[in-house]
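These notes are about the structure you will find just below.
Every read-out reported here was derived from the displayed coordinates using simple, explicitly stated rules and does not represent laboratory data. Since the model is a prediction, treat every value here as computed from it, not as a measurement. Here the Cβ is made from the backbone with ideal geometry for all residues, glycine too, and neighbour counts use every protein chain on show.
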Amino acid sequence: FTLIELVMVIVILGILAATALPKFVDLGGEARVSVMKGVEGAMRGANTMVYAKAAANNQLGATGSVTIAGSAVTTVYGYATNGTQLALAMDLSPAADFTVAAGAIQRAGVTTPANCQIAYTAAASAGASPTYTPTLSASGCT
């Protein structure tokens, strides 16, 4: 082979590899995990907003309610009582991409929703903070 032929073969193989590689590498699961990490941050931020509004309205007791963006959010010790109430204070967009339940916010349309979720547990007592438990795996979020 001449040098020109070898260079042409290398260029052709490079072009084929560049077009075929994205078909074999699926980054969708990792992208969905990152989206759910963003949802966890949004949950924390929305709950901080709920707590601030509850504190301003003197609603830090065992039960209460605050209005955020036209929605009544029930509270316990100033924080949202469950995931459904917390989602009322959030803007999950597009809404069809998420499943909101009392205990968690899950990514809809994935193979294993239980492995692509952020679980929410309300504050258990005055002065306690709610907990956010991510269950995220790239294989579960595909």
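For this structure, a couple of remarks:
- Each part reduced to its alpha carbon centroid, the stretch 100-125 and the stretch 63-84 end up 18 Å apart.
- Gain on full extension, evaluated as 0.36 nm per residue between Ile4 and Ala102 minus their Cα-Cα distance, stands at 28.7 nm.
- A simple rule links phi to the HN-Hα coupling: the Karplus curve 6.51 cos²θ - 1.76 cosθ + 1.60 with θ = phi - 60°, which for the stretch 105-116 gives 10, 10, 7, 7, x, 9, 5, 10, x, 5, 9, 9 Hz, with x for Gly and Pro.
- Degrees, to the nearest 10: 28-56 long Cα axis against longest axis of the chain: 20 degrees
- Net charge over other residues, Cβ less than 14 angstrom from the Cβ of Thr135 (K, R count +1; D, E count -1): +2
- Listed candidates (i) 11, 38, 31, 10, 4, 4, 2, 1; (ii) 12, 33, 21, 13, 8, 7, 5, 2, 0; (iii) 13, 46, 36, 5 - label of the one calculated as P(r) over Cα pairs in 10 Å bins from 0, in percent: (ii)
- Between Ile15 and Ser34, the contour length at 0.36 nm per residue exceeds the alpha carbon distance by 3.8 nm.
- Rounded tilt (10° steps) of 3-24 against the dominant C-alpha axis of the chain: 30 degrees
- Backbone N atoms of the stretch 4-46 closer than 11 Å to the 7 Å Cα→Cβ label point of Ser93 are not found in any residue.
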